[in-house]
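The values are calculated or read from the model by the stated rules, or taken from the named source; none is laboratory data. Predicted, not measured: the structure shown is a model, and the values here were computed from it. Cβ: placed from backbone, ideal geometry, glycine included. Neighbour counts: every protein chain shown.
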Amino acid sequence: MILFFFYRDGVEIMKQLRHVLAKFFGNQAHQYIHAVGMTTRAVVYGVLLTALAQGFVAGLGYWVGGLSSPVLFGMVTAMLALIPFCTPIAWGAAGLWLLLQGETGAAIGVWLWGALVVSQMDNVFRPIFISSVGSIPFLLVLFGVLGGLLAFGLVGLFIGPIVLTVVWAVWREWTTHLPS
């Protein structure tokens, strides 16, 4: 419902936001708004690309594990990877399916592959994808993603990097104008 009003009144909201930020930050307000927009876009692309990579790598593990339809399970993993902390549901179910079919070794292999490789990709690739879009240091994005998720849940996935990006932009602006 909130998204509806942002779509409907987005132009007016941005106009008012630019006006208010210009009062506080002066000419630099445009740079900060641009940084927020770029970071939001980078987070969306980072989430999508990471989910696709996780689905692909998980599909390889399912194929090696002997699942009858590794592509389908890989696509399900990619879809669940879009939701934070849901990737283990996919590889856990795949391992359980193998276990119920009597493939104990393959089930343990899929679970280990999922826990040690697939789920860990989220912690590495997402910050890499996000930091590659802008001039934001990788470690700062990593702290923003993880801290945002811990503090605010799913919404924190976007809020954390955006807040840190704005702070980073303000910091860079201030340090360039400091006397030497």
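Before we move on, is Leu112 at pLDDT 80 or above and over 13 Å from the mean Cα position of the chain (by Cα)?
yes
Is it fair to say Met38 is in contact (Cβ under 8 Å) with a residue 40 or more places away in the chain, closer than 24 Å to Leu157 by Cβ and among the aliphatic types (A, V, I, L, M)? Spell out how you get there, then give the answer.
Numbers: in contact (Cβ under 8 Å) with a residue 40 or more places away in the chain: yes; closer than 24 Å to Leu157 by Cβ: yes; among the aliphatic types (A, V, I, L, M): yes.
So Met38 passes the test.
Are there any helices (runs of 4 or more DSSP H) wholly within the range 1-81 with 3 or more residues that are surrounded by 19 or more Cβ atoms within 10 Å (Cβ to Cβ), at pLDDT 80 or above and of a type in the set (D, E, K, R), and if so which? Steps first, answer last, please.
On the way: elements: 2-25, 29-65, 70-81.
In the range 1-81, no matching helices (runs of 4 or more DSSP H) lie anywhere.
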Find all pairs meeting these conditions: Cβ atoms under 9 angstrom apart; at least six residues apart or on different chains; first residue within the range 64-90 and on the phi > 0 side of the Ramachandran plot; second residue loosely packed, with under 15 Cβ neighbours inside 10 Å and assigned to a loop (DSSP other than H, G, I, E, B).
Gly66/Gln101
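Hey, among Ile83, Ile108, which residue is out of contact with any Lys or Arg (no Cβ under 9 Å at 6 or more places or on another chain) and within 20 Å of Leu52 (Cα to Cα)?
On the way: Ile108 fails: within 20 Å of Leu52 (Cα to Cα).
From the options Ile83, Ile108, the qualifying one is Ile83.
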Please state which one of Ala94, Ala90 is of a type in the set (Gly, Ala, Ser) and over 30 Å from Ala151 (Cβ atoms).
Ala94
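So that you can scan it fast, the table gives a plain yes or no per residue for (1) within 30 Å of Gly65 (Cα to Cα); (2) at pLDDT below 80; (3) out of contact with any Asp or Glu (no Cβ under 8 Å at 6 or more places or on another chain):
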residue	(1), (2), (3)
Asn123	yes, no, yes
Pro127	yes, no, yes
Gly134	no, yes, yes
Phe158	no, yes, yes
Trp171	no, no, yes
Out of (1) surrounded by 14 or more Cβ atoms within 10 Å (Cβ to Cβ); (2) over 30 Å from Pro70 (Cβ atoms); (3) in contact (Cβ under 8 Å) with a residue 40 or more places away in the chain, what's the single condition that is false for Gly153?
(1)
